[in-house]
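Input: a single structure, listed below in structure tokens.
What follows is calculated from the coordinates using simple rules that are stated; it is not laboratory data. Here the structure is a predicted model, which is why all the values come from computation and not from measurement. Backbone-built Cβ (ideal geometry, glycine too); neighbour counts: all protein chains shown.
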Amino acid sequence: MYKIFVDLEMHPIPRSLKEERKICTQEIIEIGAVKLNEENEEISSFCEFVKPGYVSKIYSKFQKLTGIRTEDIAFADPVSEVLPRFIEWCGSDYEIYSWSDSDIWQIMNETNLKQLTDLDGLSYMFNHWHDFQQEFCEILHLEKVMNLGRAVTLAGLDFSGREHDGLADARTTSRLYVESRDSKSFDRLRKLVVDAFKGHTFTMGDMFDFGSISFPAE
């Protein structure tokens, strides 16, 4: 069984479109994903821009955040074409992971808005989706979830590419997953956190700057 790690970049639907926003407030503008085999090795990647249906120009705020420009999406295919390609790329035997549940809700809402809920393979995807942000924080017994960049620092990793790039975020999430399963440094970190928080109700961010922690090489 394969493991898929996905990250979506989104753009808001204009507030003037009140009826549409009752169903979905954003549109997908990029899908990035990586596929791992049973040995947790990356064997394939997927990255495509998506042309939104309700805006023709990327707002400057979101261009700065994601690095995605208007010209990047101008000639991209709509989600009705890109999402089926992504589902086909995922295959038929996989589990899918994202950092938080915002991505699965985005696909659910956008396919509802655009009447794409009957796409082949969509139900399988939803039924095999995991929120790895929540799982990661539960492993470390944290009371609050954290953003991806913070988690990367906490695990002693370097971020792969720039944040808010679909493929980079997906690949970084996959690396955190592998760390959580296989890394001795992650085991040491988990023990440190568990020992530090015995009998306490604070979150890790309240007590430590984990960005300063480094582990000796094995």
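The fewest-to-most ranking of Thr172, Thr25, Thr66 by surrounding Cβ atoms within 10 Å reads Thr25, Thr66, Thr172. Calculated FRET efficiency, Ile23 to Arg181, Cβ-Cβ distance, R0 = 45 Å: about 0.75 to the nearest 0.05. Antiparallel versus total DSSP beta bridges in the range 2-212: what percent is that, nearest 5? Bridges in the range 2-212 that DSSP calls antiparallel: roughly 70 percent. Arranged from fewest to most other beta-carbon atoms within 10 Å of their beta carbon, Leu116, Leu148, Leu8 become Leu116, Leu148, Leu8. Restriction of the trypsin sites (Lys or Arg not before Pro) in the range 89-153 to DSSP coil positions whose beta-carbon has at most 15 other beta-carbons within 10 angstrom yields Lys144. Ordering Ser174, Ser80 by the number of other Cβ atoms within 10 Å of each residue's own Cβ, fewest first, gives Ser80, Ser174.
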